[in-house]
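Asker: This is the structure I want to talk about, given as structure tokens.
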Amino acid sequence: MKARARAAGEDIIDFGMGNPDQPTPAHIVEKLVETVANPKTHRYSNSRGIPGLRKAFSEYYERRFNVSIDPEKEAIVTLGSKEGLANLASAVTSPGDVILVPNPSYPIHQFGFIIAEAAVRNIPVTPDETFFEALELAVQHSVPKPRMIVINYPNNPTAEVVDLAFYERVVDFCRFHEIYVLSDLAYSEIYFDNNPPPSILQVKGAKDIAVEFTSMSKTYSMPGWRIGFGAGNPALIAALTRIKSYLDYGAFTPIQVAAAAALNGPQDCVDDIRALYKDRRDVLIEGLQGAGWDVPSPPATMFAWAPIPPAFKHLGSLEFSKLLLREAQVAVAPGIGFGEHGNDFVRFAFVENKHRSRQAIRSIKSFLDNYDQVIADAEKHRAEVR
């Protein structure tokens, strides 16, 4: 629908995909250009990542989380966190294994294991007692017993955050029941309340059962470069290393060298990126609330998880998203795309500048102010389509 509308000349303001719109910081690009000029870097790379990048990543964990990572046995470079998540699922999962995955969640959290023919059982995203009650029930009633649990905080799509005490409970529970933990920490540096999100690897004994994935995509505006990392349990890292040795030769070496320069170099660019998303968040959330759409302000990530306004809730997230696109020329991600428990929500990504966000808010306000007519027209449209 979005492509057709744009082809017809409509100006679609697109909050749908979490695709950073800012250029990669100049010093990172310059290192890439410098390195690619050396023909020796044009050969096959290392499937688990060049040593310099694994070392830089390990030093990042030491600085940021006060966690020691062995770059030889406990770290691996991936083609973005998504590839690492999917290939680890294939490396350690047998058909019929029970995997616990939040719902709603980033799609690869579920589908990486579904592709590996595992049985995925959903648990809540909200990090409260219902989460731990669901873990207890899963252990009691799943046959076979759950093999792994996936967690993701700061969360995509809901923007939920957790403290270290939450991770301590998860590690205690999963060590006792011999369940591996796969933690997705892709948004560790996109936070807005001066309270940096923790890593599960900060918990004593976490490496016995946990592996954690991070990414350069959002932190350094490098989504197309496809660089991410896995860290933690040596057996899981070894399994991922082995399957990657069959599947790829690693990212292009100049990209890895530039990624190491990003991690080792000045970090003011990360502060700037964080500030940009905070400004966009504030404009969008304040504007939506002023327009009559009560959307919570997210403490982290580059997303807002917006409950569908009551007058439109009966439509579900997909039909509501279509309606918003058709009537207000605003694109969002329907919550159903993250699992059936997301169907009462849509997700906004902070990928439009403040001017465009204000333009979208004006259109949304007009859309909401005329909801009676909008719904009547929508029902007529749906009847005609049928």
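Asker: In the stretch 238-256, what residues are surrounded by fewer than 24 Cβ atoms within 10 Å (Cβ to Cβ) and either closer than 20 Å to Lys73 by Cα or in contact with a Cys (Cβ under 8 Å, 6 or more places away or on another chain) (or both)?
Answerer: Ala238, Ala239, Thr241, Arg242, Ile243, Ser245, Tyr246, Leu247, Asp248, Tyr249, Gly250
Asker: While we're looking at this one, here's another question. So Thr41 ticks every box in (1) more than 27 Å from the chain's Cα centre (by Cα); (2) surrounded by fewer than 15 Cβ atoms within 10 Å (Cβ to Cβ); (3) not small (Gly, Ala, Ser) but one. Which box is left unticked?
Answerer: Of (1) more than 27 Å from the chain's Cα centre (by Cα); (2) surrounded by fewer than 15 Cβ atoms within 10 Å (Cβ to Cβ); (3) not small (Gly, Ala, Ser), only one is false for Thr41: (2).
Asker: Has the stretch 127-147 got any residue that is more than 21 Å from Phe176 (Cα to Cα) and out of contact with any helix residue (DSSP H, G or I) (no Cβ under 6 Å at 6 or more places or on another chain)?
Answerer: No, the stretch 127-147 has no match at all.
Asker: Among the residues of the stretch 42-60, are any in a helix (DSSP H, G or I), under 30 Å from Lys204 (Cβ atoms) and aromatic (Phe, Trp, Tyr)?
Answerer: Yes: the stretch 42-60 contains one or more residues that are in a helix (DSSP H, G or I), under 30 Å from Lys204 (Cβ atoms) and aromatic (Phe, Trp, Tyr).
Each row is one residue, and each column tells you yes or no for (1) modelled with pLDDT of 95 or more; (2) closer than 18 Å to Ile285 by Cα; (3) basic (Lys, Arg).
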{"residue": "Ile308", "(1), (2), (3)": "yes, yes, no"}
{"residue": "Phe312", "(1), (2), (3)": "no, no, no"}
{"residue": "Leu315", "(1), (2), (3)": "no, no, no"}
{"residue": "Leu318", "(1), (2), (3)": "yes, no, no"}
{"residue": "Glu327", "(1), (2), (3)": "no, no, no"}
{"residue": "Ile336", "(1), (2), (3)": "yes, no, no"}
{"residue": "Phe345", "(1), (2), (3)": "yes, yes, no"}
{"residue": "Phe348", "(1), (2), (3)": "yes, yes, no"}
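Asker: For the subset of the stretch 124-139 comprising residues that are hydrophobic (A, V, I, L, M, F, W, C) and in contact with a Pro (Cβ under 8 Å, 6 or more places away or on another chain), which member is farthest from Asn155 (Cα to Cα)?
Answerer: Val139
Asker: Given the stretch 137-236, what strands (runs of 3 or more DSSP E) lie entirely inside it while holding 1 or more residues that are at negative phi, among the acidic types (Asp, Glu) and buried (at least 24 other Cβ atoms within 10 Å of the Cβ)?
Answerer: Where strands (runs of 3 or more DSSP E) fall fully within the stretch 137-236 and carry at least 1 residues being at negative phi, among the acidic types (Asp, Glu) and buried (at least 24 other Cβ atoms within 10 Å of the Cβ), they are 180-184, 210-215.
Asker: Here's another thing I want to ask about it. Does any residue of the stretch 257-277 turn out to be in the same structural domain as Glu62 (by TED's automatic domain parsing), more than 26 Å from Pro196 (Cβ to Cβ) and more than 20 Å from the chain's Cα centre (by Cα)?
Answerer: Within the stretch 257-277, one or more residues are in the same structural domain as Glu62 (by TED's automatic domain parsing), more than 26 Å from Pro196 (Cβ to Cβ) and more than 20 Å from the chain's Cα centre (by Cα).
Asker: Just the residues that are surrounded by fewer than 24 Cβ atoms within 10 Å (Cβ to Cβ), touching a helix residue (DSSP H, G or I) at 6+ places or on another chain (Cβ under 6 Å) and among the hydrophobic types (A, V, I, L, M, F, W, C), please, taken from the stretch 77-95.
Answerer: Ala86, Ala91, Val92, listed by residue number.
Asker: Right, something else. For the stretch 334-369, give me the residue count where each residue is surrounded by fewer than 22 Cβ atoms within 10 Å (Cβ to Cβ) and among the small types (Gly, Ala, Ser).
Answerer: 4
Asker: Is it the case, given these coordinates, that Gly84 is part of a helix (DSSP H, G or I) and under 21 Å from the mean Cα position of the chain (by Cα)?
Answerer: Criteria met by Gly84.
Asker: Quick check: anything in the stretch 64-76 without any contact (Cβ under 8 Å) to a residue 24 or more places away in the chain, exposed (fewer than 15 other Cβ atoms within 10 Å of the Cβ) and either among the β-branched types (Val, Ile, Thr) or in a helix (DSSP H, G or I) (or both)?
Answerer: Among the residues of the stretch 64-76, not one is without any contact (Cβ under 8 Å) to a residue 24 or more places away in the chain, exposed (fewer than 15 other Cβ atoms within 10 Å of the Cβ) and either among the β-branched types (Val, Ile, Thr) or in a helix (DSSP H, G or I) (or both), which makes the answer no.
Asker: List the residue pairs whose Cβ atoms are under 9 Å apart, where the first residue sits in the stretch 151-170 and is free of Cβ contacts under 8 Å to residues at least 12 places away in the same chain and among the hydrophobic types (A, V, I, L, M, F, W, C), the second is buried (at least 24 other Cβ atoms within 10 Å of the Cβ) and not in a loop (DSSP other than H, G, I, E, B), and the two are 6 or more positions apart or on different chains.
Answerer: none
Asker: So is Ala251 part of a loop (DSSP other than H, G, I, E, B) and assigned by TED's automatic domain parsing to the domain that holds Pro71 or not?
Answerer: Considered against the rule, which asks whether it is part of a loop (DSSP other than H, G, I, E, B) and assigned by TED's automatic domain parsing to the domain that holds Pro71, Ala251 comes out as yes.
Asker: Sticking with this structure for a sec: One residue is enough: does the stretch 291-309 have a residue meeting the conditions in a helix (DSSP H, G or I), on the phi < 0 side of the Ramachandran plot and out of contact with any Leu (no Cβ under 8 Å at 6 or more places or on another chain)?
Answerer: No, the stretch 291-309 contains no residue that is in a helix (DSSP H, G or I), on the phi < 0 side of the Ramachandran plot and out of contact with any Leu (no Cβ under 8 Å at 6 or more places or on another chain).
Asker: Test each condition in (1) at pLDDT below 95; (2) under 30 Å from Ala3 (Cα atoms); (3) among the hydroxyl-bearing types (Ser, Thr, Tyr) for Tyr246 and report the one that comes out false.
Answerer: (2)
The values are calculated or read from the model by the stated rules, or taken from the named source; none is laboratory data. The structure presented is a predicted model; accordingly, all values stated were derived computationally and were not measured. Because the Cβ atoms are built from the backbone with ideal geometry, glycine has one as well, and the counts that use them run over all protein chains shown.
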